[in-house]
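Here's the structure, in structure tokens; my notes come after.
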Amino acid sequence: MNTRRRKRKIVIAPNTFKGSLDAPEVTAAIARGVRAACPGWELLQLPLADGGDGTTDCIVRATGGRLFRKIVTGPLGDPVEGAWGITGDGSTAIVEVASASGMARVPRPMLNPMRATSYGTGELINAALESGCRRLFLGLGGSASCDAGAGILQALGVDLLDRDGRQLDPGAASLKDLSKISLEQISPRLQEVELILGYDVENPLYGSAGAAYIYAPQKGALPEQLPLLDRYLRHFAAVVENDLGIQIGVLPGGGAAGGIGAGLAGVLGAKLVPGVEEVMEIVGLPALLESGRVGLVITGEGEINAQSLYGKVPVGVSRLAKRHAVPVLVLAGAVKLDLDAAQREGITTMLSITDGPLSLDQSMARTAELLESTARRAMELVQINL
């Protein structure tokens with residue numbers, strides 16, 4: 001890893017280590033290790049997210065924005081406190097599905113994608129629209145629902161009607177009854193705002209790689225429910241195509257967050273993008289790398305594996321850094337990605353932070369300590385190479 005002396009700026013831009021440390025805590029631990037080995041280097045701490053948990057807080061912190069809280073409808077209909085944010089310049093509002101409609105909002109034994117709704121996320125979007133923002137970024141990830149965003153759409157004034165002209169009930173099970181989509185009562189503010197959806201997986205809405213078969217089991221779906229959920233999502237897509245003339249079944253990222261990506265792209269005309277790319281743009285990472293003064297980027301997540309190639313933070317960061325010939329070090333709890341594949345994406349090298357035979361629980365309890373010590377050892381090697 002070659003870092004020239006004139007480039008003495010290091011960007012530390014990791015994702016959360018799920019179940020252990022959030023992204024700011026990961027960033028701080030890495031920074032302590034780097035400072036111990038390289039006290040003369042300038043460190044820029046830029047915690048990142050990919051659209052899932054922590055996205056709103058990440059962007060608000062990085063831009064000097066503000067965070068707002070609101071009581072909204074939880075996945076199973078109970079009230080929950082959700083949050084949305086706005087960037088420091090007031091131009092972009094941020095909402096993440098996980099805040100109001102995430103799996104963390106439901107006790108594990110009660111997870112049920114047949115019933116779970118995304119309605120509360122729509123209520124947060126309505127609150128954010130009132131801020132006067134010009135853009136709204138919705139982070140997709142971690143949802144408890146598999147309703148193709150039906151709850152969000154209804155909260156925003158879209159009529160999803162059955163054959164008798166009645167509104168659909170909450171949950172994916174009701175999608176089979178969808179007969180007509182009407183936009184007559186839609187929120188007028190939606191016409192004035194650019195709506196961007198940030199996905200962290202590229203799966204389509206339905207099919208063997210779709211929202212039901214791949215992600216519904218972790219939301220509590222039973223094996224026998226998977227073909228039913230897939231059929232309901234297909235039916236929803238067919239009505240969207242029939243009523244609005246838009247095909248949503250195979251959109252990359254359309255299966256994210258239980259199909260919210262496809263539903264909002266098709267009905268509202270929202271733009272689907274890799275979440276990490278949009279987050280990096282909002283917090284200013286591309287401009288930092290374009291400056292030519294960054295000698296190294298350190299990123300990471302709990303586990304880097306083949307799935308990381310489909311929109312996770314370390315690979316998104318490395319692809320950006322590669323365009324500017326900046327080396328990238330990835331720190332992870334577990335490294336399960338082939339090095340050749342990683343290097344094709346711009347990753348210089350990857351290091352596991354575990355320092356011996358540890359159980360998962362032991363490793364997670366020591367994550368901050370292990371991150372700090374691994375970062376220090378890595379930077380000591382960089383110093384030798386200078």
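One line per residue, one yes/no per condition, for (1) more than 26 Å from residue 206 (Cβ to Cβ); (2) in contact (Cβ under 8 Å) with a residue 24 or more places away in the chain; (3) buried (at least 24 other Cβ atoms within 10 Å of the Cβ):
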site	(1), (2), (3)
80	yes, yes, no
92	yes, yes, yes
97	no, yes, yes
100	no, yes, yes
103	no, yes, no
115	no, yes, no
125	no, yes, yes
130	yes, yes, no
147	no, yes, yes
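Only one entry in 347, 384, 353 is modelled with pLDDT of 80 or more and over 15 Å from residue 12 (Cβ atoms), namely 347. What about residue 110, is it under 15 Å from the mean Cα position of the chain (by Cα) and assigned by TED's automatic domain parsing to the domain that holds residue 199? When the stated conditions are applied, residue 110 does not pass them. One residue alone among 331, 320 is in a helix (DSSP H, G or I) and touching a Pro at 6+ places or on another chain (Cβ under 9 Å), and that residue is 320. When 182, 187, 208 are screened for being more than 25 Å from residue 52 (Cα to Cα), modelled with pLDDT of 95 or more and among the polar types (S, T, N, Q), only 182 passes. Touching a residue at least 24 places away in the same chain (Cβ under 8 Å), more than 21 Å from residue 70 (Cβ to Cβ) and not β-branched (Val, Ile, Thr): is that true of residue 172 in this structure? Criteria met by residue 172. Taking the stretch 245-296 as the range and being in a loop (DSSP other than H, G, I, E, B), closer than 30 Å to residue 375 by Cβ and touching a strand residue (DSSP E or B) at 6+ places or on another chain (Cβ under 6 Å) as the test, only 293 passes.
For the criterion of being under 20 Å from the mean Cα position of the chain (by Cα), closer than 16 Å to residue 232 by Cα, in the same structural domain as residue 121 (by TED's automatic domain parsing) and touching a residue at least 24 places away in the same chain (Cβ under 8 Å), residue 179 fails.
Here's the yes/no breakdown for (1) surrounded by 22 or more Cβ atoms within 10 Å (Cβ to Cβ); (2) touching a strand residue (DSSP E or B) at 6+ places or on another chain (Cβ under 9 Å); (3) not assigned by TED's automatic domain parsing to the domain that holds residue 170; (4) not hydrophobic (A, V, I, L, M, F, W, C):
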site	(1), (2), (3), (4)
29	yes, yes, yes, no
60	no, yes, no, no
64	no, no, no, yes
67	no, yes, no, no
77	no, no, no, yes
86	yes, yes, no, no
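The values are calculated or read from the model by the stated rules, or taken from the named source; none is laboratory data. Being a predicted model, the structure only gives us computed values, none of them experimental. Neighbour counts are summed over all protein chains in view; Cβ atoms, including those assigned to glycine, are modelled from backbone coordinates with ideal geometry.
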